[in-house]
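Here's the structure, in structure tokens; my notes come after.
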Amino acid sequence: MNELEKRSVAALATVYAMRMLGLFMVLPVFVLLSGDLEGATPALIGLAIGGYGLSQAVLQIPFGMLSDRFGRKKMIYLGLILFAAGSVVAASSASIYGVILGRILQGAGAIASVLMALLSDLTREEQRTKAMATVGVSIGLSFSVSLVLGPLIGNAFGLSGIFYTTAVLAIIAMIIVSRLVPRPHQRTINPDTQPARAMLGQVLTDKRLLRLDFGIFSLHLVLTSVFLVVPSLLTEKVGLATEHHWWLYLSVMVTSFCAMVPFIIIGEKKRMMKPVLAGAIVLLLIAVVGLSQASGSLVEMWITLFLFFMGFNLLEASLPSLISKECRAGSKGTAMGAYSTSQFMGAFLGGSVGGLLLEHAGITGVLALMAVVLCCWLGVALTMPAPSHTSSFVIQLRDAARTDARAVDQTLRDLPGVEDVVILEGADTAYLKVDRQLFDEQRLAEFPFVQPASAT
């Protein structure tokens with residue numbers, strides 16, 4: 001990457017991480033700190049925890065499309081203002097209803113797709129994989145950090161302190177966008193990073209993609225639900241004071257992340273992603289059973305949470321990669337838009353339905369919901385075809401290729417390892433889905449109408 005790209009990617013990854021940190025910090029402590037809110041019931045507490053997911057799910061794709069019309073940075077500013085406003089509303093409210101409103105406002109700043117679109121504008125094709133990977137790492141780190149900072153800030157300053165902190169993070173993010181992120185000279189329509197209306201129907205009827213969308217929906221439903229249960233179990237059954245929860249989460253997250261890395265490598269290198277995926281779901285089921293049988297032992301709780309977050313981290317890292325492999329050439333942005341919508345809808349239902357069950361059936365009801373959803377997901381995972389092992393590859397076409405796009409399409413499809421080709425009309429770009437073990441990039445040099453770019 002050149003210096004401009006490095007600065008842009010670092011700034012946008014930081015903005016993304018700050019926003020996710022603000023959304024997640026409340027998860028590990030909200031159940032414990034919300035009891036003093038006026039009108040608080042388990043059902044409303046669950047709705048407050050997952051409320052951000054509803055507005056995120058509804059506005060994710062529209063925000064990205066509006067940025068094509070009004071500009072990326074303007075929509076990012078709008079999203080961060082909504083996020084900050086929601087944080088202040090939640091922080092200053094003495095009632096659970098105000099906190100719910102604040103969480104929904106936080107989620108309304110649905111700028112994820114806009115950030116990815118701006119990332120596309122500011123990076124070259126050959127550097128986009130590194131750029132997107134950097135953002136992905138920042139998201140994972142922000143979730144881990146949130147589980148540590150949430151209990152620390154909550155213990156020191158209460159629930160309002162967490163929300164005011166998220167408002168400050170949003171303001172800092174706006175300053176970063178203003179000072180460090182350049183304004184692109186032109187907006188590019190990149191189908192690998194942005195949703196496209198023309199491809200939406202195709203994505204929503206693809207059974208392979210729908211299985212993965214159901215997977216991320218289930219994963220975040222379970223994640224949100226688990227934070228309705230675990231904080232109370234740690235405090236009431238294990239006897240671990242709230243101010244000490246941070247070190248438990250820290251040790252669990254670090255060790256579970258390290259433990260899952262070898263399985264990612266095995267799944268990718270040995271082409272065993274289906275058994276790895278199913279095994280991770282089984283780990284979540286085992287953890288749910290462990291939570292239902294919690295005896296009050298700190299060691300047992302640590303092991304249970306280790307299994308849960310090992311499975312969670314493994315799935316959270318694997319599913320986006322599988323979406324990229326399974327979607328058609330040139331439709332990654334649309335596929336990821338549907339995927340993100342499913343993710344946030346899962347978070348919303350995990351909080352709202354989990355909260356209802358917590359109120360009427362107790363912790364057992366929430367754990368039963370998690371077990372049923374995971375069993376359904378395991379059934380889907382076991383019956384799905386083995387994931388493909390393709391990756392995206394971008395080809396830059398010379399001007400002459402425009403005159404006979406059909407012939408170019410067929411020529412590229414005839415290459416060994418090429419499974420799909422999409423040539424963008426009016427642009428000198430083609431998107432390929434290729435099997436890396438069969439595809440020989442050097443063969444492209446034989447054709448005068450193409451000049452190879454790089455994989456995305």
Suppose the filter is assigned by TED's automatic domain parsing to the domain that holds His220, at negative phi, surrounded by 22 or more Cβ atoms within 10 Å (Cβ to Cβ) and among the hydrophobic types (A, V, I, L, M, F, W, C); does Phe308 pass it? yes
Within the range 1-36, can you find the residues that are in contact with a Leu (Cβ under 8 Å, 6 or more places away or on another chain) and in a loop (DSSP other than H, G, I, E, B)? Met25, Val26, Leu27, Pro28, Val29, Ser34
Meets criteria (in contact with a Ser or Thr (Cβ under 6 Å, 6 or more places away or on another chain), crowded, with 17+ Cβ neighbours inside 10 Å, farther than 30 Å from Glu359 by Cβ and hydrophobic (A, V, I, L, M, F, W, C)) for Ala57: no
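Being over 16 Å from the mean Cα position of the chain (by Cα) and either among the polar types (S, T, N, Q) or in a helix (DSSP H, G or I) (or both) is true for just one of Gly355, Gly333, Gly337. Which residue is that? Give the steps one after another, and end with the answer.
On the way: Gly333 fails: over 16 Å from the mean Cα position of the chain (by Cα); Gly337 fails: over 16 Å from the mean Cα position of the chain (by Cα).
Gly355 is the lone residue from the list that is over 16 Å from the mean Cα position of the chain (by Cα) and either among the polar types (S, T, N, Q) or in a helix (DSSP H, G or I) (or both).
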Could you check Ala133 against (1) in a helix (DSSP H, G or I); (2) touching a residue at least 12 places away in the same chain (Cβ under 8 Å) and say which number it fails? (2)
Note on the range 240-252: residues surrounded by fewer than 24 Cβ atoms within 10 Å (Cβ to Cβ) and closer than 21 Å to Ala156 by Cβ are Leu240, Ala241, Thr242, Glu243, His244, Trp246, Trp247, Leu248, Tyr249, Leu250, Ser251
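Yes/no per residue for (1) modelled with pLDDT under 75; (2) of a type in the set (Gly, Ala, Ser); (3) over 23 Å from Lys325 (Cα atoms); (4) in contact with a His (Cβ under 9 Å, 6 or more places away or on another chain):
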site	(1), (2), (3), (4)
Ala381	no, yes, no, no
Ser391	yes, yes, no, no
Ile395	no, no, no, no
Ala401	yes, yes, yes, no
Gln410	no, no, no, no
Arg413	no, no, no, no
Val421	no, no, no, no
Pro452	yes, no, no, no
Ala455	yes, yes, no, no
Tell me which of these Gln127 doesn't satisfy, since it passes every other one: (1) surrounded by fewer than 19 Cβ atoms within 10 Å (Cβ to Cβ); (2) among the polar types (S, T, N, Q); (3) farther than 24 Å from Ala11 by Cβ. (3)
Single residue of Leu141, Leu149, Leu118 found to be of a type in the set (A, V, I, L, M, F, W, C), closer than 30 Å to Glu38 by Cβ and assigned to a helix (DSSP H, G or I): Leu149
Scope the range 357-374; condition of a type in the set (Gly, Ala, Ser) and touching a residue at least 24 places away in the same chain (Cβ under 8 Å); matching residues: Ala371
Go through Ser324, Ser318, Ser342 for me and flag whichever is assigned by TED's automatic domain parsing to the domain that holds Asp206, in a helix (DSSP H, G or I) and in contact with an Asp or Glu (Cβ under 8 Å, 6 or more places away or on another chain). Ser342
For residues that are over 15 Å from Leu248 (Cβ atoms) and in a helix (DSSP H, G or I), tally how many sit in the range 291-305. 1
Considering the range 157-216 alone, what residues qualify as being modelled with pLDDT of 80 or more, β-branched (Val, Ile, Thr), in a helix (DSSP H, G or I) and in the same structural domain as Leu374 (by TED's automatic domain parsing)? Ile216
Out of Gly150, Gly136, which single residue is at pLDDT 75 or above, surrounded by fewer than 18 Cβ atoms within 10 Å (Cβ to Cβ), under 15 Å from Ala17 (Cα atoms) and touching a Pro at 6+ places or on another chain (Cβ under 9 Å)? Gly136
Which numbered condition in (1) outside any helix (DSSP H, G or I); (2) in contact with a Gly (Cβ under 8 Å, 6 or more places away or on another chain) is the only one that Leu221 fails? (1)
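The values are calculated or read from the model by the stated rules, or taken from the named source; none is laboratory data. Because the structure is predicted, anything quoted here is derived from the model rather than measured. No Cβ is skipped: glycine too gets one built from the backbone with ideal geometry, and neighbour counts run over all protein chains shown.
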